[in-house]
Amino acid sequence: MTQRGALQVAVIGTGRMGADHVRRIHEVTSGARVTAVVDVDPERAKSAAAGIDGCTAYTEPAAAMAADDVDAVLIASPGPAHEAALLAALDQDLPVLCEKPLTPDAASALRVLEAEQKLGHRRVQVGFMRRYDTEYMKLKALLDSGQLGRPLMLHNRHRNVASPPGFTDAMLINDSVVHEMDVTRWLLGQEIAAVNVLRPRPSDHAAEDLADPQFAVFETDGGVLADVEIFVNCGFGYQVQAEAVCERGTARIGDGHALVTNAAARWGGTIAQDFVERFEDAYDRQVQSWVDATRRGEVTGPDVWDGYAAAAVCEAGVRAQSEGRRTEVELVRRPALYR
Ligand code: NAD
Ligand code: ISE
């Protein structure tokens, strides 16, 4: 840390999310500064570092992690590159905020879990940022209060305007539905025990090799059923909604009614067009909370167990999707470090 105690952060991967996190730490977050950016694409790294005093551009994560002016790492490279960066950071005992997913499959997530246990203390927070969204936080507080009785069902909707080129059926689960896997586990405080994935007839707006939308059903170990409509080419906006159905009432978030207008014989509002807009506050709160905890020498937020459990549910989800049947989730015993 600098003399004034600012956390010196290396951001690994400076694409869509990484560039946004660099901007966030530079302009919004207090108590931290970006001292290193890393991208396998040197031009991208250089352009991310431009305009930030004392920020060095690298093409190798290891080189940034070895630098004297790096105290902590934010990983925003694509999921398949996370394991190598996480293991290197844990090897140097560096605090990490790792974008979701922790890793794209359960075996690699387990290797990260084992590496952190070997270190003997938690170092990694996983970027399941919906836990920092005001509406999700209100829903969690309400469910935890017990006011509505026990939750019985959870209905989720996750809609994107359009999927990026090359988006596959497996990515629909691993990149998109992984968020609902985490919020279901977190909101209910239960593990997901089995998954099924059903498909209606596909929309003509999806790429030819992508079945979109799809409908996932989770069974939790506490007997709750959660469903997820995932529709990544809905065309009209970015919508994330959740409704908990409990014994004595229901609670719903994500309707986006912050501003309602009446004009020209119509009433209505606008719909966010992407996650950066919809979850801006959540990303800000997530990064600030990580910086604050790291400066206090603590690790808070979603941990490696959460990342591993979500990866195991994804694996079952992708199998359910390809085999067309309900699939049970296989989890190792939860280690003491994460209880
Ligand atoms: P992106 O493709 O826009 O950017 C990834 C960047 O990483 C690229 O610039 C690429 O050159 C670079 N890169 C690739 N391999 C690398 C490596 N080994 N080391 C360093 N850099 C490397 O991807 P994105 O959309 O920004 O996604 C990045 C991460 O953020 C993914 O884990 C993704 O799932 C996550 N994400 C999270 C959210 C959210 O809502 N929390 C939204 C989008 C993406
Ligand atoms: C993307 O990677 C995200 O994490 C977004 O939050 C999600 O809505 C989108 O579907 C994913 O592709």
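The values are calculated or read from the model by the stated rules, or taken from the named source; none is laboratory data. Everything quoted here is computed from the prediction, not taken from an experiment. Neighbour counts run over all protein chains shown; Cβ positions are idealised from the backbone, glycine included. Keep in mind that these areas ignore ligands, DNA and RNA; they rest on the heavy atoms of the full protein, side chains included. Shrake-Rupley method; radii C 1.70, N 1.55, O 1.52, S 1.80 Å.
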message: If I ask for residues that are surrounded by fewer than 10 Cβ atoms within 10 Å (Cβ to Cβ), out of contact with any Gly (no Cβ under 7 Å at 6 or more places or on another chain) and in a loop (DSSP other than H, G, I, E, B), which ones from the range 241-264 would you list?
response: 258, 264
message: Being within 16 Å of ligand 2 (Cβ to nearest atom), open to solvent by less than 60 Å² (accessible area, probe 1.4 Å), touching a residue at least 12 places away in the same chain (Cβ under 8 Å) and not assigned by TED's automatic domain parsing to the domain that holds residue 235 narrows it down to one residue among 112, 126; which is it?
response: 126
query: So how many residues does the range 95-106 have that are more than 10 Å from ligand 1 (Cβ to nearest atom), assigned to a loop (DSSP other than H, G, I, E, B) and under 16 Å from the mean Cα position of the chain (by Cα)?
result: 1
query: Are any residues in the range 32-47 open to solvent by 20 Å² or more (accessible area, probe 1.4 Å) and more than 8 Å from ligand 1 (Cβ to nearest atom), and if so, which ones?
result: 33, 42, 43, 46, 47
query: Got a sec? Which strands (runs of 3 or more DSSP E) wholly within the range 138-224 have at least 1 residues that are touching a strand residue (DSSP E or B) at 6+ places or on another chain (Cβ under 8 Å), open to solvent by 60 Å² or more (accessible area, probe 1.4 Å) and within 12 Å of ligand 2 (Cβ to nearest atom)?
result: 151-159
- prompt: Quick one: would you say residue 267 is open to solvent by 20 Å² or more (accessible area, probe 1.4 Å), of a type in the set (Phe, Trp, Tyr) and within 16 Å of ligand 2 (Cβ to nearest atom)?
  reply: no
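The rows are residues; the columns are (1) under 20 Å from the mean Cα position of the chain (by Cα); (2) under 19 Å from residue 295 (Cα atoms); (3) part of a loop (DSSP other than H, G, I, E, B).
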position: 62; (1), (2), (3): no, no, no
position: 81; (1), (2), (3): yes, no, no
position: 85; (1), (2), (3): yes, no, no
position: 93; (1), (2), (3): no, yes, yes
position: 108; (1), (2), (3): yes, no, no
position: 122; (1), (2), (3): yes, yes, yes
position: 125; (1), (2), (3): yes, yes, no
Extreme residue, surrounded by the most Cβ atoms within 10 Å (Cβ to Cβ), among residues of the range 2-29 that are within 22 Å of the chain's Cα centre (by Cα) and part of a loop (DSSP other than H, G, I, E, B): 13
statement: Turns out the helices (runs of 4 or more DSSP H) fully within the range 274-339 with at least 2 residues that are acidic (Asp, Glu) and in contact (Cβ under 8 Å) with a residue 12 or more places away in the chain are 280-295, 304-323
